[in-house]
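Laboratory data are not the source of any read-out in this text; all were calculated from the coordinates shown. For clarity, every value in this text was computed on a predicted model and none was experimentally measured. Heads up, the Cβs are rebuilt from the backbone with ideal geometry, glycines too, and the neighbour counts pull from every protein chain shown.
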Amino acid sequence: KAKETGRNALRFFDPAMQTVVLERAALEAGLRKAIEGDQLLLHYQAQVVEGGRVTGAEVLVRWQHPQRGMVPPGDFIPLAEETGLILSLGNWVLETACRQLAAWAAVPQTAHLTIAVNVSAQQFREADFVQTVLEAIERTGANPRRLKLELTESLLVDNVEDIIQKMFALKAYGVEFSLDDFGIGYSSLSYLKRLPLNQLKIDQSFVRDVLIDPNDASIAKTIVNLAQSLGLGVIAEGVETDAQRSFLADAGCHAYQGYFFCRPVTVDAFEKFAQEFDPQFTAA
Ligand code: C2E
Ligand code: MG
Ligand code: MG
Ligand code: MG
């Protein structure tokens, strides 16, 4: 009997499948090393308001792979989530962002800058998530009011009471919340009034064709109106042209992020951009 199973197993052995499994294992081992070592890097993408003020940046993680070069998050965040590595990765991002906030706070001309950090649903669902964030703040000396956590609607599928409780706990320290990629998920609108959010972030898929596709234009306008009527801020991501910015401004959205202003870049390049772009960013 055992022999038979063995033979069958051999017969169904699939070399293509084995390659996938091995590659995945290698990638997982590599990612573990990247997190423990110094292969992760944060890029900063400016957030700009009407009038040219740079209010802060969103941090976007990159993996500087020794062979593959710069790996974008879309290629390893899903793996990090499947393997649980997202927890240590997320902690590293949080800690690094908080350390940067503390460094900016020490210089008058950068003291106002905020940092938005992407938080995976899995991270947020951890029992000690609030503690983890507070510890990062405390260890680094960051001002919690300058820290904004970007959540996605995927967080709102279950155990919403727990999520809300954690948000209020962090809000008590001044931490802010933005609902990322807003409009592409399937969260109930009824949650919006119960979550202590500060901002809705219009997903870039609506911004892309806002001038060409009347449906995208309607959705973008609706999100702006929704934010306004709920007393929330609103920011558009993926703004690539001045025409898109202008449409959004007419619709009532006055905060932007996108290649039109600045790509995600190193912290030094971000500071240089702010210095050149922001009329108020003058030497103190
Ligand atoms: P996201 O949070 O929605 O970030 C916006 C993405 O749009 C970024 O891609 C950014 O580089 C890109 N982008 C910005 N401006 C433009 C533009 O004008 N046009 C276009 N076409 N794209 C633009 P990126 O850096 O590849 O990140 C992809 C996603 O990976 C992020 O989407 C976020 O969900 C996730 N991610 C990034 N960093 C982290 C992190 O530290 N933790 C977690 N959990 N997720 C992260
Ligand atoms: Mg984001
Ligand atoms: Mg987004
Ligand atoms: Mg997005």
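Tabulated data
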| item | result |
| --- | --- |
| Antiparallel bridge percentage (DSSP; both residues within the chain; nearest 5) | 45 |
| Proxy reagent accessibility, fewest Cβ within 10 Å first, across Leu179, Leu156 | Leu156, Leu179 |
| Around Phe260: net Lys/Arg minus Asp/Glu count, Cβ-Cβ under 9 Å | -1 |
| Listed peptides 224-237, 62-75 by packing density, highest first (mean Cβ within 10 Å) | 224-237, 62-75 |
| Mean Cα-pair separation over length for the chain, i.e. relative contact order, pairs under 8 Å, 6 or more apart, % | 18 |
| Shape parameters for the chain, alpha-carbon atoms, Rg then Dmax in Å | 21.2, 81 |
| GNM result for the chain, Cα springs below 10 Å: residue of Ile223, Ile164, Ile86 fluctuating most strongly | Ile164 |
| Cα-centre dipole for region 145-284 with unit charges at Cβ (Lys and Arg positive, Asp and Glu negative), debye to 20 | 500 |
| Highest-MSF residue in the chain out of Glu58, Glu161, Glu240 [GNM, Cα springs under 10 Å] | Glu161 |
| Given Lys33/Lys201; Lys171/Lys201; Lys33/Lys171; Lys148/Lys193; Lys193/Lys221, the pairs whose alpha carbons are separated by over 26 Å | Lys33/Lys201; Lys33/Lys171 |
| Top of Val21, Val54, Val119 by mean-square fluctuation, Gaussian network on the chain, Cα under 10 Å | Val21 |
| Relative contact order (%) - criterion: Cα under 8 Å, at least six apart; region: region 38-144 | 25 |
| Region 144-273: C-alpha gyration tensor shape, a/c 1.5 cut-off, then a/b vs b/c | oblate |
| Mean Cβ neighbour count within 10 Å, used as a protection proxy, ranking 199-208, 106-115 highest first | 199-208, 106-115 |
